[in-house]
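Remarks on the structure that follows.
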Amino acid sequence: MKLSIVIVNWNTGTLLQQCLHSIEANVKAWSPQDVETFIVDNASKDDSLALACSAHPWAQAIENRENVGFARANNQALSLCSGQYVLLLNPDTELLPDALETLVAFMDDHPEGGACGPRLLNADGSLQPSCHPLLTPGREFWRLMFLDYLWPRARYPLRRWGLETARSVEVIKGACFLLRREALDEVGLLDDRYFMYTEEMDLCHRLLRAGWELYWLPQAVVVHYGEVSSRQVAEEMYIQLYRSKMQFHRKFGGVWRATYFRLLLFLAYIPRLFWVALGRSFFPDLTQRERTYRRLLTELRTM
């Protein structure tokens, strides 16, 4: 089998159907024996899974009774996949014409590539960040202090990159992430100790350490409508983002690096909290942000 596609769903409504429809359009000329699709549902409360499977019976469903997290849910399907390549795909994405063929053909032509990702677009057609350098504590602080606008260290200058040439990158965004099965077998599956976020950076780091190349392929285009699931529990996911980043730095740099990262987060978020609390009197919409920042600073002590 050429390609296995894995989608993890959690209350994404009709976007899941739209995603599957775009897959169907992309593989229309492929043999049915060349592609398989798995949907792992993390105990959704809506009817997104039932409606999607009814409209697209070729998709194989795995239903979890509880939300086991993004990495573990992906691994459930990855253990069943038989494709030469595996595509990790968010349900809030839409593959534009020929995106899959372009990604797979590129990997066929570049055997050194362990993974590649497409050019991601927002719903309005604007460019969305789809790859970035490996985030060290210093780069993360640089980003949080908005210094990337002066000199990009924590992001790539994607707008200045041409759209005709693939680029070697360090981290590919997990919204659409094509992996060579051989490379995945070598470095192992996603680390399911991450509940949400940073699992793709962990995997990219392991692929790079094993000598595989990672590529951004702008000729393949995918629309990513953006964090539909996580917006449903926005504050919790914001805290989870930094919990996962702390976990990453502790895993690959030990206690010292995690402590250093924690200190930099305090330095970045204390002034943020001050200005948001000050502005809340004039802009009541900042109340939620103040609460989130205050909670992050409180929980950082035990992360």
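Considering only residues in segment 183-193 that are in contact (Cβ under 8 Å) with a residue 40 or more places away in the chain and charged (D, E, K, R), the one that is least open to solvent (accessible area, probe 1.4 Å) turns out to be Asp191.
A single entry from Arg153, Arg231, Arg160, Arg167 fulfils the requirement of being closer than 30 Å to Ala123 by Cβ, modelled with pLDDT under 95 and in contact with a Phe, Trp or Tyr (Cβ under 6 Å, 6 or more places away or on another chain): Arg153. The selection criterion, being touching a residue at least 40 places away in the same chain (Cβ under 8 Å) and touching a Pro at 6+ places or on another chain (Cβ under 7 Å), holds for Arg119.
Number of residues in segment 72-93 that are open to solvent by 60 Å² or more (accessible area, probe 1.4 Å) and either over 23 Å from Glu236 (Cβ atoms) or assigned to a loop (DSSP other than H, G, I, E, B) (or both): the value is 4. Which residues, counting only those in segment 275-303, are under 24 Å from Arg250 (Cβ atoms) and either in contact (Cβ under 8 Å) with a residue 40 or more places away in the chain or touching an Asp or Glu at 6+ places or on another chain (Cβ under 9 Å) (or both)? Scanning segment 275-303 gives Thr292, Arg295, Leu296, Glu299, Leu300, Met303. Mind checking whether some residue in segment 95-106 is more than 16 Å from Ile5 (Cα to Cα) and not in a helix (DSSP H, G or I)? Yes, segment 95-106 has at least one match. When the residues of segment 107-124 are filtered to those that are part of a strand (DSSP E or B) and open to solvent by less than 10 Å² (accessible area, probe 1.4 Å), the one that is farthest from Val169 (Cα to Cα) is Leu120. Return the residue satisfying two criteria in turn: it lies in segment 32-69 and is of a type in the set (D, E, K, R) and either under 10 Å from Asn9 (Cβ atoms) or under 22 Å from the mean Cα position of the chain (by Cα) (or both), and of such residues it is surrounded by the fewest Cβ atoms within 10 Å (Cβ to Cβ). Once the filter is applied, the top-ranked residue is Glu66. Pairs are defined by a Cβ separation below 7 Å, a sequence spacing of at least 6 or placement on different chains, a first member in segment 1-17 that is more than 15 Å from Ala77 (Cα to Cα), and a second member that is β-branched (Val, Ile, Thr) and outside any loop (DSSP other than H, G, I, E, B); the pairs so defined are Lys2/Val35; Lys2/Val104. Scanning segment 281-302 for residues that are in a helix (DSSP H, G or I) and of a type in the set (Phe, Trp, Tyr) yields one hit, Tyr293. Here Pro137 meets each of (1) open to solvent by less than 30 Å² (accessible area, probe 1.4 Å); (2) closer than 21 Å to Leu214 by Cβ; (3) not aromatic (Phe, Trp, Tyr) with one exception, condition (2). Of the residues contained in segment 64-71, one or more are found to be assigned to a strand (DSSP E or B), at pLDDT 95 or above and over 25 Å from Lys2 (Cα atoms).
Would you call Gln247 at pLDDT 95 or above, out of contact with any Pro (no Cβ under 9 Å at 6 or more places or on another chain) and surrounded by fewer than 21 Cβ atoms within 10 Å (Cβ to Cβ)? Full working, then the answer.
On the way: at pLDDT 95 or above: yes; out of contact with any Pro (no Cβ under 9 Å at 6 or more places or on another chain): yes; surrounded by fewer than 21 Cβ atoms within 10 Å (Cβ to Cβ): yes.
Yes; evaluated as a whole, the condition is true for this residue.
Just need a number here: residues in segment 152-173 that are open to solvent by 10 Å² or more (accessible area, probe 1.4 Å) and part of a loop (DSSP other than H, G, I, E, B). Even if it seems obvious, please write down each step before you answer.
Keep residues of segment 152-173 that are open to solvent by 10 Å² or more (accessible area, probe 1.4 Å), which gives 152-153, 155-168, 170, 173.
The next check asks that each one be part of a loop (DSSP other than H, G, I, E, B); those that pass are 152-153, 155-157, 161-166, 170, 173.
Result for segment 152-173: 13.
The values are calculated or read from the model by the stated rules, or taken from the named source; none is laboratory data. All values derive from a computational prediction rather than experimental measurement. All Cβ positions, glycine included, derive from the backbone under ideal geometry; neighbour counts span all protein chains shown. Calculation scope for accessible area: heavy atoms of the full protein, side chains included, ligands and nucleic acids excluded. Shrake-Rupley method; radii C 1.70, N 1.55, O 1.52, S 1.80 Å.
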